[in-house]
1. Just grab the label-to-label distance for residue 150 and residue 92, each label 7 Å out from Cα along the Cβ direction, in nm (one decimal).
2. Under a Cβ-Cβ cut-off of 12 Å, what is the net charge of the residues other than residue 91 that fall near it, where Lys and Arg count +1 and Asp and Glu count -1?
3. Which label marks the calculated value of Rg and Dmax of the Cα atoms in Å, given the options (1) 25.4, 92; (2) 17.2, 54; (3) 16.4, 48?
4. Placing +1 on the Cβ of each Lys and Arg and -1 on the Cβ of each Asp and Glu in the chain, which of 155, 71, 54 has its Cα farthest towards the positive end of the resulting dipole?
5. In whole Hz, with x marking every Gly and Pro, tabulate ³J(HN,Hα) for region 160-174 from phi via Karplus 6.51 cos²θ - 1.76 cosθ + 1.60, θ = phi - 60°.
6. Which of 160, 22 comes first, and how do the rest follow, when ranked by fewest Cβ neighbours within 10 Å?
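Quick note: the coordinates plus some simple rules give every number you see, no bench work behind them. For clarity, every value in this text was computed on a predicted model and none was experimentally measured. Here the Cβ positions follow ideal geometry from the backbone for every residue, glycine too, while neighbour counts run over all protein chains shown.
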Amino acid sequence: MKQIEISLNTKSLKKAIKELKHYRDSLSAKNELFVNRLLDVGIKVAYQHADNFGKYIGFEKEIEGGGTRCVGIFKGINKEPVISEWDYYGERKTAEVNMLAMAEFGSGWLSEVLFHISGVGPGTFPGQTHALDEQGWWWKEWDPAHKGEWVHSYGLKPSHPMYYADMEMTQQIEKIAKEVFSSDI
């Protein structure tokens, strides 16, 4: 904010009041711009870290409220349900896979548990039996294009799009705030 000079006379006080009202009104627009720019940084970084999961997941921003009470929400979304199907001793098994969680946390031996969240990490998928098997696991593919083929996996390595987005937004807060709040809009 620029400095406001005031003399003790009516004209100077009215001018100062007008300038303060302008500054107050500009704060709402600046706050919304700040929140939007910060969320845009998060979305950009998240997409950079989506890796091969990018066709299954996306990232959005949502703004609640407005003005000086503007709240930004950074969201990761699953674009559509992914159903994993496999043959288990002649029986068809299926499970819906949350690809956003898979991108963030991985699976099997390739997962990296950075977050220490209860119920997340290798061995926590319902009914799993091989997540901690050093040899990985095999399954017979159910997909019509590859039906009957045996597939081997050690799991999926996470790419941590939400984590890296959060880290970058945190690092950019001060820089973006200085740019936005020192501007004269």
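1. Using points 7 Å along Cα→Cβ, the separation is 2.3 nm.
2. Details: positive: 92, 93, 140; negative: 85, 87.
With Lys, Arg at +1 and Asp, Glu at -1, the net is +1.
3. (1)
4. 71
5. 6, x, 5, 4, 5, 5, 4, 4, 5, 4, 4, 5, 8, 3, 5
6. 22, 160
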